[in-house]
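What follows is a short report on a single structure.
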Amino acid sequence: MKKEDFSAEISAFLQRFVVIYGFTMLATLVFLLLFNRGVTVGWPYFLWCVFFSLAADLPTLLFLSGHELSEAEWRRRMFASAALTEIILMPLGWLGGMWRGWLGAVLFFLTILAVTFGVRAVSYGVDACTAHLLNEQIRRRRLSQQKGTPEDWEK
């Protein structure tokens, strides 16, 4: 993997971490408001959520590839990533006291799934915006090549 590709992957990993941590805090707030109004959480819980969010981002490493993924490969890796995320986070959530009992397990499982899809939706939005900007630059470059001089091509 090239150095530029590696730094881009680290940047994407950190961006996803921020989104995952934000969704984790949102889910914590919702669950506290719905089920545990009188409970307060301290700094150790927030530090646990940092570790938890980093662990949640690890399965995205399945998408690293030396070539462009086909749609079938992408779908398989998406399913594997979601399954691996559940496999990693369910025991971590139990160890961190994020769920207890069957109902807690089901709600926690569904929350992880919702956060996974939320992170994917945010990533898709960022990727769509980036694609739009790149397509616009390509369109402008083609127009300038048709009309202008090589000096115009660099803009």
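The values are calculated or read from the model by the stated rules, or taken from the named source; none is laboratory data. These figures come from a predicted structure and were not determined experimentally. Quick reminder, even Gly has a Cβ in these numbers, built from the backbone with ideal geometry, and neighbours come from all protein chains shown. Heads up: the accessible areas ignore ligands, DNA and RNA and are worked out on the full protein's heavy atoms, side chains in. Shrake-Rupley method; radii C 1.70, N 1.55, O 1.52, S 1.80 Å.
Quick notes
- Of the set (1) charged (D, E, K, R); (2) more than 20 Å from A114 (Cα to Cα); (3) open to solvent by 90 Å² or more (accessible area, probe 1.4 Å), all apply to E9 but (3).
- Filter result (out of contact with any helix residue (DSSP H, G or I) (no Cβ under 8 Å at 6 or more places or on another chain) and surrounded by fewer than 14 Cβ atoms within 10 Å (Cβ to Cβ)) within the stretch 98-110: G101, W102, L103, V106, L110
- Scanning the stretch 117-155 for residues that are modelled with pLDDT under 90, in a helix (DSSP H, G or I) and of a type in the set (V, I, T) yields V119, V122, V126, T130.
- For the stretch 95-121, residues that are touching a residue at least 12 places away in the same chain (Cβ under 8 Å) and either among the polar types (S, T, N, Q) or more than 15 Å from T24 (Cα to Cα) (or both) total 3.
- Residue that is hydrophobic (A, V, I, L, M, F, W, C) and open to solvent by 50 Å² or more (accessible area, probe 1.4 Å), where the choices are F17, F23: F23
- One residue stands out in the stretch 35-53 among those that are assigned to a loop (DSSP other than H, G, I, E, B) and either hydrophobic (A, V, I, L, M, F, W, C) or under 24 Å from F117 (Cβ atoms) (or both): the one that is least open to solvent (accessible area, probe 1.4 Å), namely V41.
- Unmet requirement for L32, which otherwise passes all of (1) at pLDDT below 85; (2) within 30 Å of D127 (Cβ to Cβ); (3) surrounded by 12 or more Cβ atoms within 10 Å (Cβ to Cβ); (4) over 18 Å from the mean Cα position of the chain (by Cα): (2)
- Qualifying residue in the stretch 62-85 (condition: among the β-branched types (V, I, T) and exposed (fewer than 14 other Cβ atoms within 10 Å of the Cβ)): no
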